[in-house]
Amino acid sequence: MDETISLVLFSGTDDKLGAAAVLAAGAAAMGKPVRIFLQYWALDAFRADRIAANHGLAPEAAQAGKAAMAAAAAAGQSHWTETLRAAKELGEVDIQACSLSMDILKLEQSDLDPLVDGVEGVAAFYINAGTGQIVFI
Amino acid sequence: MDETISLVLFSGTDDKLGAAAVLAAGAAAMGKPVRIFLQYWALDAFRADRIAANHGLAPEAAQAGKAAMAAAAAAGQSHWTETLRAAKELGEVDIQACSLSMDILKLEQSDLDPLVDGVEGVAAFYINAGTGQIVFI
Amino acid sequence: MDETISLVLFSGTDDKLGAAAVLAAGAAAMGKPVRIFLQYWALDAFRADRIAANHGLAPEAAQAGKAAMAAAAAAGQSHWTETLRAAKELGEVDIQACSLSMDILKLEQSDLDPLVDGVEGVAAFYINAGTGQIVFI
């Protein structure tokens with residue numbers, strides 16, 4: 001159970017990021033090293049000036065889904081950023097921004113929330129992923 | 001070829017569920033054990049009172065995509081629920097609801113279609129996935 | 001690092017295809033064989049008569065995302081088709097259309113761009129994927 005799991009995050013909506021955070025925390029709690037690679041809109045969601053903002057939901061969520069998510073948050077469901085912070089305390093969770101997406105979105109590492117540990121290219125991503133599981137979210 | 005493949009289903013649109021059902025059935029037919037873990041809108045799509053409803057398509061499908069899908073259904077293309085039922089007869093296919101998503105959507109197992117075999121947390125999901133492939137759909 | 005990575009492409013928006021192309025090229029550059037399996041809207045995006053068209057972005061991209069992508073293209077960022085062509089020159093990259101999606105969209109192989117190497121069913125996909133990583137995009 002100690003092989004690395006690599007999560008490539010592409011989407012920046014709060015439901016997808018919530019699903020990703022739970023998968024990361026679960027793996028960390030079980031002793032699996034977790035590598036998170038942030039691309040496109042997921043990277044955008046980790047900008048320091050908007051990480052706590054409302055990032056919306058997948059279009060299919062519709063009104064009933066929005067109401068369920070809002071009710072869960074009001075009832076004390078952790079925000080995905082809190083889940084990721086807890087995952088980092090529980091185990092080995094490394095969060096890297098994709099250098100190509102940084103270029104496209106014209107970001108510097110100083111623009112990102114401190115949850116992000118660094119910036120790397122796709123070659124470094126594969127080296128760290130090794131033969132472990134790769135999940136695109 | 002007999003290592004488990006785990007499909008984490010997040011999206012509840014009929015096109016994504018169709019793609020997932022085909023991947024599940026193909027794996028089952030080849031003797032691979034299949035584990036399906038239902039989160040968020042995919043879980044919502046398995047509610048007994050709406051599993052047979054129209055769940056829409058990904059937004060990018062547009063008019064031409066909708067017409068193609070409707071024509072395929074009219075020409076006898078199996079619904080994804082039928083493909084999953086056939087997959088369960090062909091091989092080892094276990095479908096579990098994510099307990100956290102059950103809480104968010106305020107569902108009980110009795111609200112779900114009998115295709116769903118049970119409810120489990122993310123730790124159980126990882127134990128069953130082992131070192132096999134994990135695919136997020 | 002020489003185990004196959006299989007990318008199942010479902011989405012046909014330019015941002016998702018861009019992410020997929022970068023993951024394919026990175027793997028190819030590192031000597032990993034890459035298998036790409038085209039389903040639904042990703043397959044539609046490889047039609048010879050529209051592969052070079054604007055395929056839009058994920059709905060969450062919003063105006064700021066659209067502007068960033070347009071600026072990156074104007075600044076010389078490669079189109080995903082060019083990235084895939086380069087990946088094919090760099091390493092072993094095989095692109096197959098899913099036969100079931102071909103039926104749904106009523107396509108023949110002659111309708112597809114020459115980047116696509118052939119048409120196969122899900123069983124052939126799994127045989128070629130072996131125990132390597134499977135990523136759904």
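The values are calculated or read from the model by the stated rules, or taken from the named source; none is laboratory data. Computed from a predicted model, the values in this text were never measured in an experiment. Methodologically, a virtual Cβ is constructed for each residue, glycine included, from the backbone with ideal geometry; neighbour enumeration extends over all protein chains shown. What goes into the accessible areas is simple: the full protein's heavy atoms, side chains included, and nothing from ligands, DNA or RNA. Shrake-Rupley method; radii C 1.70, N 1.55, O 1.52, S 1.80 Å.
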With a 10 Å cut-off between alpha carbons and a GNM built on chain C, which of C:GLN77, C:GLN63, C:GLN39 moves the most? C:GLN63
If you take the accessible area of B alone, add that of A alone, and subtract the area of the pair, what total do you get in Å², probe 1.4 Å, to the nearest 100? 2100
Relative contact order of chain A, please, whole-number percent, based on alpha carbon pairs below 8 angstrom and at least 6 residues apart. 39
In whole Hz, the Karplus estimates of ³J(HN,Hα) for the range A:47-64 (6.51, -1.76, 1.60; θ = phi - 60°; x where Gly or Pro) are 5, 3, 7, 9, 4, 8, 6, 6, 9, x, 10, 4, x, 5, 4, 6, 5, 5
Averaged across the residues of B:56-69, what count of C-beta atoms belonging to other chains lies within 10 Å of each residue's C-beta? 5
Summarise the partner chain shielding of C:30-38 as one whole number: the mean count of Cβ atoms from other chains within 10 Å of each residue's Cβ. 1
Could you give, in nm with one decimal, how far A:ALA48 is from each other copy of that position, shortest first, with labels 7 Å out from Cα toward Cβ? 5.3, 5.3
Running a GNM on chain A with Cα contacts under 10 Å, which residue among A:GLU120, A:GLU60, A:GLU82 ends up with the highest mean-square fluctuation? A:GLU60
In nm, one decimal, shortest first: how far is the label point of A:ALA29 (7 Å from Cα along Cα to beta carbon) from the matching points in the other copies? 3.8, 3.8
In nm, what does the list of distances from B:SER78 to its counterparts in the other copies look like, shortest first, when each label sits 7 Å along Cα to Cβ? 4.0, 4.0
So how far, in whole Å, is the C-alpha centre of the range C:58-111 from the one of the range C:1-39? 10
Diffing the range B:127-137: the Karplus 3J(HN,Hα) column from phi (6.51, -1.76, 1.60, θ = phi - 60°), in whole Hz with x for Gly and Pro, holds 4, 6, 6, x, 9, x, 5, 10, 10, 9, 10
Cβ under 12 Å from B:ALA48's Cβ, B:ALA48 left aside: what net charge do those residues give with Lys, Arg +1 and Asp, Glu -1? -3
Using a probe of 1.4 angstrom, how much of the accessible area of chain A is carbon and sulfur, in percent? 51
Percent antiparallel among DSSP beta bridges (both partners in chain C, rounded to 5): 5
Out of residues 5 or more away from C:GLN133 or on other chains, whose amide H comes under 5 Å of its own, with H placed 1.01 Å from N in the peptide plane? C:SER6
Translational D in µm²/s for chain B (Stokes-Einstein at 25 °C, 0.890 mPa s, Kirkwood Rh from C-alpha pairs): 161
Give me the percent of DSSP beta bridges within the protein assembly as shown that run antiparallel, rounded to the nearest 5. 5
With chain A treated as a Gaussian network of Cα nodes joined by springs under 10 Å, which of A:VAL93, A:VAL119, A:VAL34 yields the largest mean-square fluctuation? A:VAL119
For A:SER78, tell me the accessible area in Å² from a 1.4 Å probe, rounded to the nearest 10. 60
Roll a 1.4 Å probe over the protein chains and send me the accessible area per residue for chain C in Å². 38
As a test of the formula, what do you get for chain A when each DSSP H run with n ≥ 4 contributes -39,500 (n - 2.57) and the sum is divided by the residue count, at 222 nm and rounded to the nearest 500 deg cm²/dmol? -13000 deg cm²/dmol
Mean per-residue count of partner chain Cβ within 10 Å for B:73-81 equals 1
If you place +1 on the Cβ of every Lys and Arg and -1 on the Cβ of every Asp and Glu, how big does the dipole about the Cα centre of chain C come out, in debye to the nearest 20? 280
Does anyone have the angle between helix B:80-90 and the longest principal axis of chain B? Alpha-carbon axes, 0 to 90°, nearest 10? 40
Please report the residue of chain A with the smallest beta-carbon distance to the A-to-C rotation axis, and give that distance in Å, no decimals. A:PRO59, 3
